[in-house]
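So the structure is just underneath, and the comments pick up after that.
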Amino acid sequence: MKPTNAIKPVRQIKKVPVKRWTLKDIIDDTRIVQAVAVARTAPLSEVRRIIEKAKIKKGLTPEETAVLLFQDHRPKIMKEILKTAKEIKEAVYGQRQVFFAPLYINNRCLNNCLYCAYRRDNTLLHRRSLSEAEIIKQVELLESLGHKRLLVVAGEVPGRFPEVVNAMKIIYRTRKSQGEIRRVNVNIAPPTVGQFRQLKKVGIGTYQCFQETYHLPTYGHMHPSGPKADYAWRLSVMDRAYRAKVEDVSLGILLGLYDYHYDVVAMVMHADYLDRRYNIGPHAVSVPRLKVAKGTPLCDDKTLNSNQYILNDTQFKLVVAVIRLALPYTGLIMSTRESAAMRLELMNAGVSQISAGSHVDVGGYSTGAKKNNDGQFEVEDTRPLDEVLRNVIESGNIPSFCTACYRCGRTGEKIMDLLKPGTIQQFCFPNALLTFQEYLEDYASAETRKLGIPFLVKQLQKLPTKVRAKTLGKLDRIRRGERDLFF
Ligand code: SAM
Ligand code: SF4
């Protein structure tokens, strides 16, 4: 018989296994290859099911994304995907297009990327970094055009990281009479956690880094030497950003390096990983296409078009629209690498942020500076900001220079909580109008003002009554000289 005072055996506490994240959680090559292989032959009924699913704005799986990427040969389905992309973009972000401009602070680089004119072995390039006085000059020029958001860009020389931090400080304190830069985003080589903390301290907006290609063997081939040859260090950069509480991050792929089906599916997988692990998906994504870049083995004007992975325009449009369906709450950036006509079309197929009047050489904004050949690649849309903006209005989109969320702390998880139920529009729409009014007051040409004023009045009618009243009050204050008003 058992003694009554026997000590009860300690109940085994079931250990909840702590998930150990690995690089395979970010990118699962086998799953991508499988998804792309199966997608090629997906039946029409499956394509239609996926488009219907996308309409509820919960995003798509990598497998579903792959299926839609193979629809470029079906004009009717393509049209439906583009239309759905426009609807989703407008439901989440409204009709606004946010403007920014890149600022290249140096063109020094230890890497040898086969496609980039800044590559170490390119001897055709004159290497330099902007001095403090030159940064001020460039920023003043950008401010005098009306820009409020800049993207700082640089080559990779680890010892030169302080140049980036310093440039950000200079940008934020440079003011040209009526204007100032209110948000500085950064596209530089993958920093350490400690370096991210420094960027955070000086007010980084979004950290942007393109994986270029997620396909490991191609990545190795394209990046033969220098720190960028380390695929895993680049792939894990957003994890380091989040660890340093830099929570607005932006992914990208360089289209034309490898099979775009693979790379788009992989980027969607990366975005999904960030969302699952941190509950914060990427703030934005970019899908630049390769452009001519002098002094490069892959992209000089002779070699670029012999590349088997170059996308035609139809495939490119489909890529943009499918990404909007797959990642409904992620900003989609379209740079001046694309032509004016293409950018216009894509604004109505999911794009939500555009650059304008960009120069991709160091010191390129200086008026009077002779057009030098030191650009990172060739820009297609060379129109000035004012002209692009007019074009945006003519297409029925609303130009925005808003930087409110970032400065009110509506970033990371908080912004996702506003994006998902569509609440963000309470802020975005009126803020777009307020910043547009500032632009009309301070920078617009006579032609743009003539178009812009009635356009703004028309847009105001779309606001709910209470918000309209508040917006009208703020617009009046702007007309009387106040600046930087937002919700
Ligand atoms: N050096 C940093 C890096 O590589 O991460 C900063 C970014 S680099 C100056 C900006 C981006 O330009 C690259 O990530 C790449 O995707 C893109 N790029 C480079 N060469 C290009 C080309 N020939 N055509 C289009 N985009 C290009
Ligand atoms: Fe350097 Fe970046 Fe150009 Fe590669 S893409 S050569 S890392 S600047």
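The values are calculated or read from the model by the stated rules, or taken from the named source; none is laboratory data. Small disclaimer: the values here were computed from a predicted structure and weren't measured. Positions of Cβ are backbone-derived with ideal geometry, glycine not excepted, and every protein chain shown enters the neighbour counts. Heads up: the accessible areas ignore ligands, DNA and RNA and are worked out on the full protein's heavy atoms, side chains in. Shrake-Rupley method; radii C 1.70, N 1.55, O 1.52, S 1.80 Å.
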message: For the stretch 289-323, which positions are within 16 Å of ligand 2 (Cβ to nearest atom) and within 29 Å of GLY205 (Cα to Cα)?
response: ARG289, LEU290, LYS291, ALA293
- line: Of the candidates LEU311, LEU290, LEU304, the one satisfying the condition of being open to solvent by less than 30 Å² (accessible area, probe 1.4 Å), within 16 Å of ligand 1 (Cβ to nearest atom) and modelled with pLDDT under 95 is LEU304
field: Among (1) at pLDDT 85 or above; (2) in the same structural domain as TYR104 (by TED's automatic domain parsing); (3) aliphatic (A, V, I, L, M), the one test that ALA369 misses
entry: (1)
- request: Within the stretch 327-350, track down each residue that is of a type in the set (S, T, N, Q) and open to solvent by 30 Å² or more (accessible area, probe 1.4 Å).
  value: SER339, ASN348
message: Where the second residue is open to solvent by less than 10 Å² (accessible area, probe 1.4 Å) and in a helix (DSSP H, G or I) and the first is within 15 Å of VAL322 (Cα to Cα) and among the charged types (D, E, K, R) and lies in the stretch 78-96, which pairs have Cβ atoms under 8 Å and are six or more apart or on separate chains?
response: GLU80/ILE51; LYS89/ARG324
statement: Going through the stretch 123-132 in order, the residues found to be within 16 Å of ligand 2 (Cβ to nearest atom) and either assigned to a strand (DSSP E or B) or surrounded by fewer than 19 Cβ atoms within 10 Å (Cβ to Cβ) (or both) are THR123, LEU124, HIS126, ARG127, ARG128, SER129
Some residue of the stretch 435-455 being touching a Phe, Trp or Tyr at 6+ places or on another chain (Cβ under 7 Å) and among the hydrophobic types (A, V, I, L, M, F, W, C): no
task: Please go through the stretch 464-475 and pick out each residue that is farther than 11 Å from LEU434 by Cβ and assigned to a helix (DSSP H, G or I).
output: THR465, LYS466, VAL467, ARG468, ALA469
- line: Selection from the stretch 448-463 of residues within 30 Å of the chain's Cα centre (by Cα) and either outside any helix (DSSP H, G or I) or among the charged types (D, E, K, R) (or both) yields ARG449, LYS458, LYS462, LEU463
- prompt: Inside the stretch 67-120, can you point out the residues that are in contact with a Phe, Trp or Tyr (Cβ under 7 Å, 6 or more places away or on another chain) and in a helix (DSSP H, G or I)?
  reply: VAL92
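May I ask you to say which residue of LYS200, LYS245, LYS169, LYS176 is surrounded by fewer than 23 Cβ atoms within 10 Å (Cβ to Cβ), touching an Asp or Glu at 6+ places or on another chain (Cβ under 6 Å) and in the same structural domain as LEU318 (by TED's automatic domain parsing)?
Within the list LYS200, LYS245, LYS169, LYS176, the selection yields LYS176.
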- line: In the stretch 454-487, residues that are open to solvent by 70 Å² or more (accessible area, probe 1.4 Å) and under 14 Å from ILE398 (Cβ atoms) total 5
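Any chance you could count how many residues in the stretch 373-390 are closer than 11 Å to ARG343 by Cβ, open to solvent by 30 Å² or more (accessible area, probe 1.4 Å) and either without any contact (Cβ under 8 Å) to a residue 24 or more places away in the chain or in a helix (DSSP H, G or I) (or both)?
Qualifying residue count, the stretch 373-390: 0.
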message: For LYS79, only one of the following conditions fails: (1) assigned by TED's automatic domain parsing to the domain that holds GLY281; (2) more than 16 Å from ligand 2 (Cβ to nearest atom). What is its number?
response: (1)
- request: Six or more apart or on different chains, Cβ under 6 Å: which pairs go from a residue in the stretch 279-302 that's under 12 Å from ASN122 (Cβ atoms) to one that's modelled with pLDDT under 95 and near ligand 1 (Cβ under 9 Å from one of its atoms)? Could you list them?
  value: ALA293/PHE377
Leading residue by the ranking (farthest from ASN107 (Cα to Cα)) among those in the stretch 180-238 that are among the polar types (S, T, N, Q), more than 10 Å from ligand 1 (Cβ to nearest atom) and under 22 Å from the mean Cα position of the chain (by Cα): SER236
